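S.K.: Here's a structure for you.
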């Protein structure tokens, strides 16, 4: 059994670089438009784990000495991530984020859409500061992938087209692509080797996929006060994720269609509870947990080429942290 871990443990090897990142990220949110600055101040107060920038810093430290480009890269990935969260909450009509009112709950959808657009634009303009074509291409493609993944999920859930193969493609695009790019851009920022960049890109890919599966499990297993957002939101939003997919695949065609139609038409609270019970009783939770473990082991495997160090251990511990987290 691994000891309980928290973000403070994971960031310890790059604590000084993390402080520099926090300053850079705050600076990147500044604007001479007061409303933008007001929303930015609210965003900075939120309880964010800052997982993606920490991965940038650790990956850079594993392969060299972090540079100014490393700090800028860490800020860039957090800008991209924050922009996607704001847009996600609008799409999901979410009123809370990390236990606090979401941006759209306070400033409404029009301003929230524009704030998300501002963050995407700011991240793209800041990319030019890296003066590294490979990093610029990587982060630009990732920005496109994040939006593509969300659209794919909505499209396939709406027309009953979501299956397990598409689910894994979707979580790669909307979540794991940014994890993978965070790790790789960290390596690029210190001119690490191509082999190291590939290994850490794969590590981030598998960690990101495991992270999304864990998030999807929360919709069926967590308490709202623990995860800081409403549970049952995926079902209510007609989003079909891995635990439900497993159960649907076990049903005959008629029952499969019946459940999907009920979700598509909108579920009442009692119906959400009934489907949750079905997912638990028919093994959907156990199946998703087994996939989570399998993919987590693939992430660990990517780190074997690196010599043992405090930084390598922190990256390994990220995998255990994800499996054990409660929010």
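S.K.: Of all the residues that make up region 53-67, how many are surrounded by fewer than 22 Cβ atoms within 10 Å (Cβ to Cβ) and more than 15 Å from residue 307 (Cα to Cα)?
M.R.: Adding up the residues that qualify gives 2.
S.K.: Ok, one more. If I filter region 103-112 down to residues being loosely packed, with under 15 Cβ neighbours inside 10 Å and in contact with a helix residue (DSSP H, G or I) (Cβ under 9 Å, 6 or more places away or on another chain), which single residue comes out as nearest to residue 83 (Cα to Cα)?
M.R.: 109
S.K.: Given (1) at pLDDT 95 or above; (2) more than 17 Å from the chain's Cα centre (by Cα), where does residue 258 come up short, assuming only one miss?
M.R.: Checking residue 258 against (1) at pLDDT 95 or above; (2) more than 17 Å from the chain's Cα centre (by Cα), the one that fails is (1).
S.K.: Restricting to region 24-40, name every residue that is free of Cβ contacts under 8 Å to residues at least 60 places away in the same chain, under 22 Å from the mean Cα position of the chain (by Cα) and more than 24 Å from residue 322 (Cβ to Cβ).
M.R.: Correct list: 24, 26, 40.
S.K.: State the number of residues belonging to region 88-102 that are surrounded by fewer than 21 Cβ atoms within 10 Å (Cβ to Cβ) and on the phi < 0 side of the Ramachandran plot.
M.R.: Initial filter on region 88-102 (surrounded by fewer than 21 Cβ atoms within 10 Å (Cβ to Cβ)): 88, 90-96, 98-101.
So of that shortlist, the ones also on the phi < 0 side of the Ramachandran plot come out as 88, 90-92, 94-96, 100-101.
Selection size over region 88-102: 9.
S.K.: Does residue 166 satisfy being closer than 27 Å to residue 245 by Cβ, free of Cβ contacts under 8 Å to residues at least 24 places away in the same chain and within 21 Å of the chain's Cα centre (by Cα)?
M.R.: So residue 166 fits the description; yes.
S.K.: Let me ask something else. For the condition buried (at least 18 other Cβ atoms within 10 Å of the Cβ) and at pLDDT below 95, what is the one hit in 48, 75?
M.R.: None of the others qualify; the one that does is 48.
S.K.: Residue 234 - would you say it is in contact with a helix residue (DSSP H, G or I) (Cβ under 6 Å, 6 or more places away or on another chain) and either at pLDDT 85 or above or at negative phi (or both)?
M.R.: Taking the combined requirement at face value, the residue satisfies it.
S.K.: Related question: Return the only residue of 59, 16 being farther than 30 Å from residue 209 by Cβ and part of a helix (DSSP H, G or I).
M.R.: Exactly one residue qualifies, and that residue is 16.
S.K.: Given the criteria surrounded by fewer than 17 Cβ atoms within 10 Å (Cβ to Cβ), modelled with pLDDT under 90 and closer than 23 Å to residue 59 by Cα, does residue 154 qualify?
M.R.: The answer is no for residue 154.
S.K.: Here are the criteria: (1) at pLDDT below 95; (2) assigned to a helix (DSSP H, G or I). Tell me which single one residue 208 does not satisfy.
M.R.: (1) is the only condition that residue 208 fails.
S.K.: If you don't mind, there's one more thing I want to ask. If I filter region 309-324 for residues that are over 21 Å from residue 215 (Cβ atoms), modelled with pLDDT of 95 or more and in a loop (DSSP other than H, G, I, E, B), do I get at least one hit?
M.R.: Looking for residues that are over 21 Å from residue 215 (Cβ atoms), modelled with pLDDT of 95 or more and in a loop (DSSP other than H, G, I, E, B), one finds at least one in region 309-324, hence yes.
S.K.: Moving to a separate point now. What pairs come out if I take residues in region 46-71 that are closer than 11 Å to residue 187 by Cα and pair them with residues that are at pLDDT below 95 and part of a helix (DSSP H, G or I) whose C-beta lies under 6 Å away, six or more apart or interchain?
M.R.: Going by the 6 Å Cβ cut-off, the qualifying pairs are 69/130.
The values are calculated or read from the model by the stated rules, or taken from the named source; none is laboratory data. What you see is a predicted model, and the numbers here were worked out from it, not measured in a lab. Reconstructed Cβ throughout: ideal geometry from the backbone, glycine too, with neighbour counts over all protein chains shown.
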